[in-house]
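Trainee: Questions regarding the structure given below will be posed in turn.
The values are calculated or read from the model by the stated rules, or taken from the named source; none is laboratory data. Predicted model, so just to flag it, every value in this text is computed and none were measured. Virtual Cβ from ideal backbone geometry, glycine too; neighbours counted across all protein chains shown.
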Amino acid sequence: MSTYLFSIETAAITFPIIAFLLAIPYMIYQYHKYGSIPWLRTLIIYSFFLYLLVIYYLAILPLPDPEEVAKLTTPRYQLLPFYFIIDIVKNADTSLHGTALVINIIRNPEFYTTFLNILMFIPFGVYMRYYFKLSLKRTILYSFLLSLFIELTQLSGLYFIYPRPYRLFDVDDLMINTLGGLSGYLIAPLFTFFLPSRETIDKTSMKKSENVKFFRRLAALIIDYIVIQLLLTIISFFINLTTIDTYGLFYFLYFFLSTTFTKGSTIGKRIVNIKVVGISEHTGIWQYALRYFLLYVVTFQAFTIGVDTLSYLLTNTIEILPRIALYGFVILCFLINIIFFVELLISVFRKNYRFLYEKLSNTKNISTFHDETTNTI
């Protein structure tokens, strides 16, 4: 039992790191497919990942010393079906009868190991039926494949990291684990009775997809940032890009040209189903130009320009009027950044929030999710 608890504790400790690595791809996928990320869907998906991680750790932990594994002479595999029944009977006290015999069998390590293997795969069957909407046949198949993956992991000595297997490949485990997945499928309605159906979750997601929230815009920006970095890496082989001003100009050109030629979309925005439009009926090129000039040339460069100007004032002697004017310019640069970061905080909690640069350029982000789903039907 301590081995089970150790594996569960290890999974709980390492899962936040894995969840962090999955967060961005998960956000992008959810926004592209459903247009939003309801908290219940997130809870279900991440609990499923945690569950898989626990199963995997139960199969491989605790990790033994390779030198000790090399000395093992225990069998590598057990290929006789239903051998676990022989083990249970062999270790049972057959002199007992009735309730005493049943209790004796339940206390048998072979019995509760078998029971725990069934119990371990019951949640898998529940997930397959409730959230992934799989049929009974596919649930049985996927339960078998997951069990086979675990058994092959053990048979290969953790993918040949160890000189030989330190856990037994057991054909009975394939059957028992698959039985657990089947059991989970059959009893899933008992566990999910009070939960909304997958269809309800999807409808809720699509209903919320009209709102363009901060994290949806952030997901689009991350994708565009990756694209820009790839483009900059390629361009840097031909052109020397060393100044901040050059990067700011490149960002401006990327977003301005992308939205101009695609009527409001970038690669990132397209993936998460949003686009930039004007408040008026038609969006002019000047609105795209002003929007991204204010954001990438003014707002994102203001802090650096303000610091450079302040450094110049502190290291040089100039007349009083120009000095006052430059100090005012420094304050303006820092004020621009303060306003932007305050707006960032507000946008986290307010849906469809328009930043100052959007108000000045008379533009906003809108959802295109329903347009996309309509086009694919």
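Trainee: Out of Leu155, Leu148, which single residue is in contact with a Pro (Cβ under 7 Å, 6 or more places away or on another chain), at pLDDT 90 or above, surrounded by fewer than 18 Cβ atoms within 10 Å (Cβ to Cβ) and of a type outside the set (S, T, N, Q)?
Mentor: Leu155
Trainee: Filter the range 197-223 down to residues that are among the basic types (Lys, Arg) and at pLDDT 80 or above and give me whichever is surrounded by the fewest Cβ atoms within 10 Å (Cβ to Cβ).
Mentor: Looking only at the range 197-223, we keep the residues that are among the basic types (Lys, Arg), and these are 198, 203, 207-208, 213, 216-217.
Pick out the ones that are also at pLDDT 80 or above and you get 198, 203, 213, 216-217.
On the way: Arg198: 16, Lys203: 13, Lys213: 21, Arg216: 26, Arg217: 19.
Among those that are among the basic types (Lys, Arg) and at pLDDT 80 or above, it is Lys203.
Trainee: Now for a separate question. With respect to Val227, is the statement that it is β-branched (Val, Ile, Thr), at pLDDT below 90 and under 21 Å from Ile274 (Cα atoms) true?
Mentor: Details: β-branched (Val, Ile, Thr): yes; at pLDDT below 90: no; under 21 Å from Ile274 (Cα atoms): yes.
Judged against the criteria, Val227 is not a match.
Trainee: Would you kindly identify the helices (runs of 4 or more DSSP H) lying entirely within the range 271-377 that contain at least 3 residues that are surrounded by fewer than 17 Cβ atoms within 10 Å (Cβ to Cβ) and on the phi > 0 side of the Ramachandran plot? Explain how you work it out, then say what you get.
Mentor: Working: elements: 285-292, 300-315, 320-349, 356-361, 369-376.
The helices (runs of 4 or more DSSP H) meeting that bar number zero.
Trainee: When you check Ile122 against the structure, is it at pLDDT 95 or above, under 29 Å from Pro64 (Cβ atoms) and assigned by TED's automatic domain parsing to the domain that holds Ile85, yes or no? Even if it seems obvious, please write down each step before you answer.
Mentor: Values: at pLDDT 95 or above: yes; under 29 Å from Pro64 (Cβ atoms): yes; assigned by TED's automatic domain parsing to the domain that holds Ile85: yes.
Criteria met by Ile122.
Trainee: How many residues does the range 164-222 contain that are over 30 Å from Thr74 (Cα atoms) and among the acidic types (Asp, Glu)? Spell out the reasoning first.
Mentor: The initial filter retains those residues of the range 164-222 that are over 30 Å from Thr74 (Cα atoms), namely 182-222.
Next, from what is left, pick out any that are among the acidic types (Asp, Glu): 199, 202, 210.
Residues that pass the stated criteria total 3.
Trainee: Within the range 261-270, how many residues turn out to be surrounded by fewer than 16 Cβ atoms within 10 Å (Cβ to Cβ) and either of a type in the set (Val, Ile, Thr) or assigned to a helix (DSSP H, G or I) (or both)? Quick ask: steps written out before the conclusion?
Mentor: The initial filter retains those residues of the range 261-270 that are surrounded by fewer than 16 Cβ atoms within 10 Å (Cβ to Cβ), namely 261-263, 267.
So of that shortlist, the ones also either of a type in the set (Val, Ile, Thr) or assigned to a helix (DSSP H, G or I) (or both) come out as 261-262, 267.
So the count comes out to 3.
Trainee: Taking the range 266-307 on its own, how many of its residues are in contact with a strand residue (DSSP E or B) (Cβ under 8 Å, 6 or more places away or on another chain) and without any contact (Cβ under 8 Å) to a residue 60 or more places away in the chain?
Mentor: 1
Trainee: Please specify each residue of the range 295-341 satisfying the condition of being polar (S, T, N, Q), closer than 27 Å to Asn362 by Cα and at pLDDT 90 or above.
Mentor: Correct list: Thr299, Asn337.
Trainee: Report every pair of residues separated by at least 6 positions or lying on different chains whose Cβ atoms are under 8 Å apart, first residue within the range 155-179 and more than 16 Å from Ile55 (Cα to Cα) and of a type in the set (Lys, Arg), second modelled with pLDDT of 90 or more and not in a loop (DSSP other than H, G, I, E, B).
Mentor: So the pair list comes out as Arg164/Val69; Arg164/Ala70; Arg164/Gly157.
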